[in-house]
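**Student:** One structure, pasted below without further comment.
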Amino acid sequence: MKEVGSPNLADCFPVLKVVDPHGIRRRTGSYFWKLLTIFKGLVDKRLKLRNEDGYCTKNDMLDAILNNAEENSQEMYRDKIERLSLDLFVAGTDTVTSTVEWAMAELLHNPNIMSKAKAELENTIGKGNLVEASDIARLPYLQAIVKETFRLHPAVPLLPRKAEVDLEMHGYTVPKGAQVLVNMWAIGRDPKLWDNNPSLFSPERFLGSEIDFRGRSFELTPFGAGRRMCPGLPLAIRLLFLMLGLLINSFDWMLEDGIKPEDMNMDEKFGLTLGKAQPVLAVPIFKPSN
Ligand code: HEM
């Protein structure tokens, strides 16, 4: 992810792609090859298991794809299954973990917001209990926290698009074929779109608001929009709520080394995904459920 997100002259001057001036293409190619080898091994292992007598289905994505391939006479070939697994792994890991990390960092940085989130979880599902997908609709404050995290810290800060035709926009000419980057990070902090200090983490701005992240409100599109928008959205949303619900409702948190919330380093590290410059260091204190 670090390599793919590094500045690359070849992105601005495509003619340099062949030269690969920073060696990024060569190195990422080798990383992806190593990952692909791991997925090949996993598929091999599973196919072998499935051929054994009394195989009990794992009921996971790999079994679902392999079942589908068998039912449709191998419509999805072996190499497609391996590459699809690699795509989902690459697209679905850093995005989810960096969003969880930013949400927790903001909650630790703003203890009053953490207390409100804890109170909502305690009153709605009970102290220490796990959040289930069916609980999400009953947790408006946690929903607002997730939206506010997406607004300030979009996991994918720049959405790539290509102009299909020559077009004029705000007095600028965008030529056909030009690479266009939609800056989600800047849109999320634009004072013309967000009142009440856009750089402030304030979930309250979303309470009672119609703005959503499913690609219809263009001021908040952390999953993109249109036909190429993120297909992992339903899974990502469930993962985020279940993880955050667990972290907030089952533990109290103490910052490491006696750091005060207001002294936390909230700098960003720019890349393909927008991570924290310094990881959050906090100690969980387990709260047994009543
Ligand atoms: C917080 C979590 C996530 C965020 C913020 C996120 C965001 C995005 C964004 C912005 C795009 C580009 C959309 C566009 O160009 O309009 C994208 C594409 C994609 N995402 Fe996600 N994603 C997340 C989680 C996941 C998960 C969990 C998976 C699957 C397991 C996934 C799979 C994909 C795939 C396969 C694409 C490429 C789609 C295409 O090019 O047609 N994502 N994601």
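The values are calculated or read from the model by the stated rules, or taken from the named source; none is laboratory data. All figures in this text were calculated on a predicted structure; none of them were measured in a lab. Cβ coordinates were reconstructed from backbone atoms using ideal geometry, including for glycine residues, and neighbour counts include every protein chain displayed. Heavy atoms of the whole protein, side chains included, go into the accessibility calculation; ligands, DNA and RNA do not. Shrake-Rupley method; radii C 1.70, N 1.55, O 1.52, S 1.80 Å.
**Student:** What pairs come up if the first residue lies in the stretch 228-240 and is free of Cβ contacts under 8 Å to residues at least 60 places away in the same chain, the second is near the ligand (Cβ under 6 Å from one of its atoms) and open to solvent by less than 50 Å² (accessible area, probe 1.4 Å), and their beta carbons are under 6 Å apart, counting only those six or more places apart or on different chains?
**Tutor:** M229/F223; L233/F223
**Student:** In the stretch 233-244, what residues are surrounded by 16 or more Cβ atoms within 10 Å (Cβ to Cβ) and either more than 16 Å from L108 (Cβ to Cβ) or more than 16 Å from the ligand (Cβ to nearest atom) (or both)? Please lay out each step first, then the result.
**Tutor:** The initial filter retains those residues of the stretch 233-244 that are surrounded by 16 or more Cβ atoms within 10 Å (Cβ to Cβ), namely 236-237, 239-244.
Of everything in the stretch 233-244, those that are surrounded by 16 or more Cβ atoms within 10 Å (Cβ to Cβ) and either more than 16 Å from L108 (Cβ to Cβ) or more than 16 Å from the ligand (Cβ to nearest atom) (or both) turn out to be A236, I237, L239, L240, F241, L242.
**Student:** Let me ask something additional. Please enumerate the residues belonging to the stretch 74-114 that are within 22 Å of F39 (Cα to Cα) and more than 22 Å from the chain's Cα centre (by Cα). Outline the logic, then answer.
**Tutor:** Filtering the stretch 74-114 down to residues within 22 Å of F39 (Cα to Cα) leaves 74-97.
The answer is Q74, E75, M76, Y77, R78, D79, K80, I81.
**Student:** Can you tell me which residues in the stretch 138-149 are within 15 Å of the ligand (Cβ to nearest atom) and either without any contact (Cβ under 8 Å) to a residue 12 or more places away in the chain or open to solvent by 10 Å² or more (accessible area, probe 1.4 Å) (or both)? Give the derivation first.
**Tutor:** At the first step, the residues of the stretch 138-149 found to be within 15 Å of the ligand (Cβ to nearest atom) are 142-143, 145-149.
Within the stretch 138-149, Q143, K147 qualify.
**Student:** For R26, which of the numbered conditions (1) open to solvent by 90 Å² or more (accessible area, probe 1.4 Å); (2) at pLDDT 85 or above; (3) in contact with a helix residue (DSSP H, G or I) (Cβ under 9 Å, 6 or more places away or on another chain) fails to hold?
**Tutor:** (3)
**Student:** A further question on this structure: Please find, within the stretch 1-16, the residue that is nearest to the chain's Cα centre (by Cα) out of those that are free of Cβ contacts under 8 Å to residues at least 40 places away in the same chain and in a loop (DSSP other than H, G, I, E, B).
**Tutor:** Going residue by residue through the stretch 1-16, those that are free of Cβ contacts under 8 Å to residues at least 40 places away in the same chain are 3, 7-10, 12-16.
Subset that is in a loop (DSSP other than H, G, I, E, B): 3, 7-8, 13.
Numbers: E3: 18, P7: 21, N8: 23, F13: 29 Å.
In this case the residue turns out to be E3.
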